[in-house]
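S.K.: The following block contains the structure, expressed as structure tokens.
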Amino acid sequence: MKIDTIKIGSNRSFGIVFFIVFLIISLFPVLKGNDVRIWSLIISLIFLVLGLMNSNILSPLNKLWFKFGLLLGNFISPIIMGFVFFLVVTPIGLFMRLLGKDLLNLKTKNVKSYWIEKTGPKSKMKNQF
């Protein structure tokens, strides 16, 4: 997929999202009774200010984050699709073979044509929507 065809998100939304991420990182130790992470709180405030100003300073970080997402998508998507195929589609196919089902009519037959003649009306245009 070309990067040119996909629109990168605004610097404002990028800054606000990373403000929230670093704010969560800074406040997470409070749940365990520890101190706030000051470095993360400072970074979150910087992202908030730059995000609200819609600053161009965030543009390189936004583009880098976008490219990282595309790179990650190139690896994760095939892995997830492989899991779906091998954990969902393959067991269903094996189960159907055990039952002797041929839902796609793939078994070879000694016929001249695989065309299926329709017996009912050619189309029902009533109540389309």
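S.K.: How far, in degrees from 0 to 90, does helix 59-84 lean away from the longest principal axis of the Cα atoms of the chain, to the nearest 10?
M.R.: That helix lies at roughly 30 degrees to the long axis.
S.K.: Summarise the accessible area of the stretch 53-129 (1.4 Å probe, protein heavy atoms) by the percent that is carbon and sulfur.
M.R.: Carbon and sulfur together cover 68 percent of it.
S.K.: Based on the Cα gyration tensor of the chain, what are the three equivalent ellipsoid semi-axes, each the root of five times an eigenvalue, rounded to whole Å and given largest first?
M.R.: Rounded to whole Å, the semi-axes are 54, 23, 16.
S.K.: For the chain, what is the accessible area per residue in Å² when the probe is 1.4 Å?
M.R.: Here the residues of the chain average 89 Å² of exposed surface.
S.K.: Now a separate question. In nm, to one decimal, how far is the modelled label at residue 109 from the one at residue 64, with both set 7 Å along Cα→Cβ?
M.R.: 6.2 nm
S.K.: Find how much the distance from residue 98 to residue 45 grows on full extension, using 0.36 nm per residue of separation minus their present alpha carbon separation; answer in nm with one decimal. Working shown, then result.
M.R.: Values: separation 53, 0.36 × 53 = 19.08 nm, distance 6.08 nm.
Taking 0.36 nm per residue and subtracting the Cα distance, the gain is 13.0 nm.
S.K.: Which one of 55, 36, 106 is farthest out on the positive end of the charge dipole of the chain, using unit charges on Cβ (Lys, Arg +1; Asp, Glu -1) and the Cα centre as origin?
M.R.: Ranked along the dipole, the leading option is 106.
S.K.: Ranked highest first by average number of other Cβ atoms within 10 Å, how do 10-19, 97-106, 61-70, 26-35 line up?
M.R.: Values: 10-19: 17.8, 97-106: 8.0, 61-70: 13.6, 26-35: 10.7.
By packing density, highest mean first, the sequence is 10-19, 61-70, 26-35, 97-106.
S.K.: Could you quote the convex hull projected area for the stretch 88-129, Cα atoms only and averaged over all directions, in nm²?
M.R.: Quarter of the Cα hull surface area: 5.9 nm².
S.K.: Which order, highest average first, do 44-52, 119-127 follow once you tally other Cβ atoms within 10 Å for each residue and take the mean per peptide? Don't skip to the answer; put the middle values down first.
M.R.: Details: 44-52: 17.3, 119-127: 6.2.
Sorting 44-52, 119-127 by mean packing, highest first, produces 44-52, 119-127.
The values are calculated or read from the model by the stated rules, or taken from the named source; none is laboratory data. Just so we're clear, the structure is a prediction, and the values are computed from it rather than from any experiment. Note that we place each Cβ from the backbone using ideal geometry, even for glycine, and neighbour counts take in every protein chain shown. Each accessible area value is taken on the protein alone, full model and side chains, heavy atoms only, with ligands, DNA and RNA left out. Shrake-Rupley method; radii C 1.70, N 1.55, O 1.52, S 1.80 Å.
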